Structure formats: structure tokens, C-alpha cells
Amino acid sequence: MKRIYFWIVGLFFLIACQMGMTKTIKSDADNAGLKLPKGFSALIFADNIGHARHLEVNTNGDVYVSLSRVKNGGGIVCLRDEKGDGRADVIKYHGIYDGTGIGLHKGYVYFGADTIIIRYKLTSGKLVPSDTAEVIAKGFDLQNEHSTKPITFDQKGYMYVTVGAPSNACQMMDRVKGSPGMDPCPLLKLHGGIWRFKDDVKNQDQAKDGYRYSTGIRNAVAIRWNNTEDKLYAVQHGRDQLSEFYPELYTDKQNAELPAEEFLLVGEGSDFGWPYCYYDGLQHKKVLAPEYGGDGHKNGRCTASSDPIMAFPAHYAPNDILFYTGNMFPSKYKNGAFIAFHGSWNRAPLPQDGFYVVFVPFNGSLPSGPWEIFASGFTGLNVVNNTGDAKHRPCGLAQGPDGSLYIADDVKGRIYRIIYNKE
């Protein structure tokens, strides 16, 4: 009987191996160049796919990545791991638009180009979606800065879209020394906030059909609806060039440290103060912007603005946020937030900084402890003086059905996959 038992077990094992059922994901020997906490490892899921921005992973493991520039005739990269080794071996390009926002929702791939939100129908079993693009939201201005349209969805039938401000601080002449701020800022009517649309109604126009859900947000490339808490979160890119335009008020060191990148809990009707205010992470308060009479200390009208739930160092450029709900990682990560920082460009003469993924623990709807660096080493450099020297820059985040974490790099189009190895 024992011989028969072991023969059956052995036969099952052999069949399982042939079917790929026992295949495990093997990380790269050097963790794809990343530095990670103990117990974590990384592999390259795909490489050189284009300027990868945001990404989403379907329930079957298929990965969809937005490109900021069309490559091989497409602005969406569709990737599939058919071998089961944790790496993409099928790579297809789709769509004619490029952009940043992407989401899998109700059987569609939604895509946020700079001036339009579209969707493509998915078919069960097929990697590449339909060729037919349905327009969901339109009418967004063509902008020369902060033009990306990241998207996220709640559980009640709404889609949320960031509409960044086409300005640094709403000056009469943008980024010109001595030019005063416009008061009131006319850009806030259709920019500098997050707009809400119905998720399945076609041809909604921003001005006519969109609802300004929140305002006073200069640019939030990182937005995410937290389904566990049923709340919207965003991380804002703060303003630039304080010492360049106001050397009498700010030193270069202060310019490198101000203002903070703000982690926002976004409620309906929230006003976070841009362009009139910015958050000073050193003084732990909102202060009046110099374009509106500020001196780096006084609050003025900013007492009425909503504060962030956490502040990060200046100019780190937060580009995506993900609330982790998987079971692969240790329990400390459950329901916490991962944030991808793209890295700074204007901290000179100090070195540039950021270029990593951080983790923020949560208890309920608010952070429960300080943030910590989770993944670093993307740049391949110990010191980054010129942003263009960085080999890779993290931009997008997604969670796989197995609980692994995917990170998109938009320099060379590398997709990292991070796993946890239980001891």
C-alpha cells in the first residue's frame, strides 16, 4: 500500500510540475539592483517597454501599463506571464493615445491621456482589449505643465481625475521673477483640483458635466480611492523656485527643503490652499505664499486651508500611491500606503533626492507612524546631482493577485516585481 501511495504522490507531483503548478517565482540575484527590507526580494518583470507611468494588474495576473510616449504604435502595454516564472513573456502594444492614468474597472481598461479619458473593453481570456475607444470624459485643456490625468474609482459609480494647475503659483506671468500672483486665481475654475465624473457615462465634458470634488491642489499625480476606508487620498507636488524668485526671503537651502510634499485625505469640498498657501514641513503649518504677500512665516488666509495628514521632504515628486491589501507581505504592511517618489530636479546646489518607494503604516483612515524607505537603489548612483543621470525612476505602483508589488520606471521602462520570502 505504501508503494502505491508514494507512486501516486510522485505521479501527481510530476504532472503538477509539467503543468506549472509547483513553479515558484525566482528573484534576481541582485534583486534587480534594489535595496529592500529583510525578507523581500525583487525581479525584473519586464524591461525597456517604453516610458512607463502608471500600471494595473488584473485578477488573472495580466499587467497593463500606461506610456507617456507612444511606442510600437501604442500607448498601453499589455503584458502576460504565460510560463509562470513571474516575468512577462507576452508583450503587446495597444491604443493610439499616450498618458499617465490607467485603471481596470468593470471589465474595461480606462486610460487617462492628457486631454481625454477613454476606455477599452476587455474580453475574458484575451490579453489585448478591444480596438474601440469609448470617450468617458473630455474637454480638458491642453497644458504645457502638469497635464497628466491620473484616475481612480470609488465603489459607488464615480471616477476621479486630477486636473493639475498649468502654473507654478498662479502668477500673472508663470515662473517669472517679480510677477505677482493673480487674486483670485482664475485657474482654479477648471484646474488645480480633483474632478468627479460618472464612471460609465460617455462623452462627459469637464466644464458641463464634471464636478469639482476638491480644490487648491497644485498637482496630484498620485491619487487613489481607498476601498477599505471608502475615502480618497492624494499626494501633492509642491510648488518650486522660492529662492530663485524671492532670494530676499529664502536661501537655497530653504528652497531645497520647502515646501513639503503633502499627503492629503481628500474630502468632498476640501480646499488645500494652492496657490495662496503652501505647507512648511519645518514649521508644521500652512504659510502664505510670497506671491500673495507672504514672508515665509505668516499664515494669513491659510488658516482656512486643510492641512495634510503627513508631510514629506520637498520636491520628491510623488507619482503614485497604493494601499496594500494583499496577504503576501508581513502584517505591518496590511492596509498601509506605498508611495512612489519620482525624484527631485530643483534642490540644487544640494544633491537631488527622492527616487524611492516609501511605506506609511495606517490605522483606520490615518497614518499610525512615521514613513520609511521601502525600496531604493533605482538610480544606480550614491549621489544624484543631475536628475538626468538616474538610471531608473519609480513612477507607478500596483498590487498583483498574489500580493506581490509591481513598480514602474519611466526612464527605461522597467517593471519591477517585489515579493516576500517567508522564512
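Within the range 371-402, the residues that satisfy the criterion of being buried (at least 17 other Cβ atoms within 10 Å of the Cβ) and part of a loop (DSSP other than H, G, I, E, B) are Trp371, Gly377, Phe378, Thr379, Ala390, His392, Arg393, Gly400.
This table checks each residue for (1) modelled with pLDDT of 95 or more; (2) under 22 Å from Lys231 (Cβ atoms); (3) not basic (Lys, Arg).
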site	(1), (2), (3)
Phe338	yes, yes, yes
His342	yes, no, yes
Leu350	no, no, yes
Leu366	yes, yes, yes
Asn385	no, no, yes
Gln399	yes, yes, yes
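Evaluated against (1) within 29 Å of Ala398 (Cβ to Cβ); (2) over 18 Å from the mean Cα position of the chain (by Cα), His284 falls short on exactly one condition, (1).
Among the criteria (1) out of contact with any Asp or Glu (no Cβ under 7 Å at 6 or more places or on another chain); (2) closer than 23 Å to Leu79 by Cβ, the one His392 does not fulfil is (1).
Restricting attention to the range 57-77, does a residue exist that is of a type in the set (S, T, N, Q), out of contact with any Cys (no Cβ under 8 Å at 6 or more places or on another chain) and in a strand (DSSP E or B)? Yes, the conditions are met somewhere in the range 57-77.
When you look at Ile96, is it assigned to a loop (DSSP other than H, G, I, E, B), surrounded by fewer than 20 Cβ atoms within 10 Å (Cβ to Cβ) and aliphatic (A, V, I, L, M), yes or no? Taking the combined requirement at face value, the residue satisfies it. The residues of the range 324-372 that are of a type in the set (D, E, K, R) and either out of contact with any strand residue (DSSP E or B) (no Cβ under 9 Å at 6 or more places or on another chain) or farther than 30 Å from Glu244 by Cβ (or both), listed by number, are Lys332, Lys334, Arg347, Glu372.
Check the range 156-165 and report whether any residue there is out of contact with any helix residue (DSSP H, G or I) (no Cβ under 8 Å at 6 or more places or on another chain), free of Cβ contacts under 8 Å to residues at least 60 places away in the same chain and either surrounded by fewer than 16 Cβ atoms within 10 Å (Cβ to Cβ) or of a type in the set (Lys, Arg) (or both). Yes, some residue in the range 156-165 is out of contact with any helix residue (DSSP H, G or I) (no Cβ under 8 Å at 6 or more places or on another chain), free of Cβ contacts under 8 Å to residues at least 60 places away in the same chain and either surrounded by fewer than 16 Cβ atoms within 10 Å (Cβ to Cβ) or of a type in the set (Lys, Arg) (or both).
Applying the condition of being of a type outside the set (Gly, Ala, Ser) and not in a strand (DSSP E or B) to the range 403-418 and asking which residue is surrounded by the fewest Cβ atoms within 10 Å (Cβ to Cβ) yields Lys412.
The number of residues in the range 103-146 that are assigned to a strand (DSSP E or B), aliphatic (A, V, I, L, M) and in contact (Cβ under 8 Å) with a residue 60 or more places away in the chain comes to 4.
Glu248 falls short on exactly one of the conditions (1) touching a residue at least 12 places away in the same chain (Cβ under 8 Å); (2) in a loop (DSSP other than H, G, I, E, B); (3) exposed (fewer than 15 other Cβ atoms within 10 Å of the Cβ); (4) not aromatic (Phe, Trp, Tyr), and that condition is (1). Asp183 meets all of the listed conditions (1) under 24 Å from the mean Cα position of the chain (by Cα); (2) touching a residue at least 60 places away in the same chain (Cβ under 8 Å); (3) assigned to a loop (DSSP other than H, G, I, E, B) but one, namely (1).
The values are calculated or read from the model by the stated rules, or taken from the named source; none is laboratory data. Please read all numbers here as calculations on a predicted model, not as lab measurements. Neighbour counts are summed over all protein chains in view; Cβ atoms, including those assigned to glycine, are modelled from backbone coordinates with ideal geometry.
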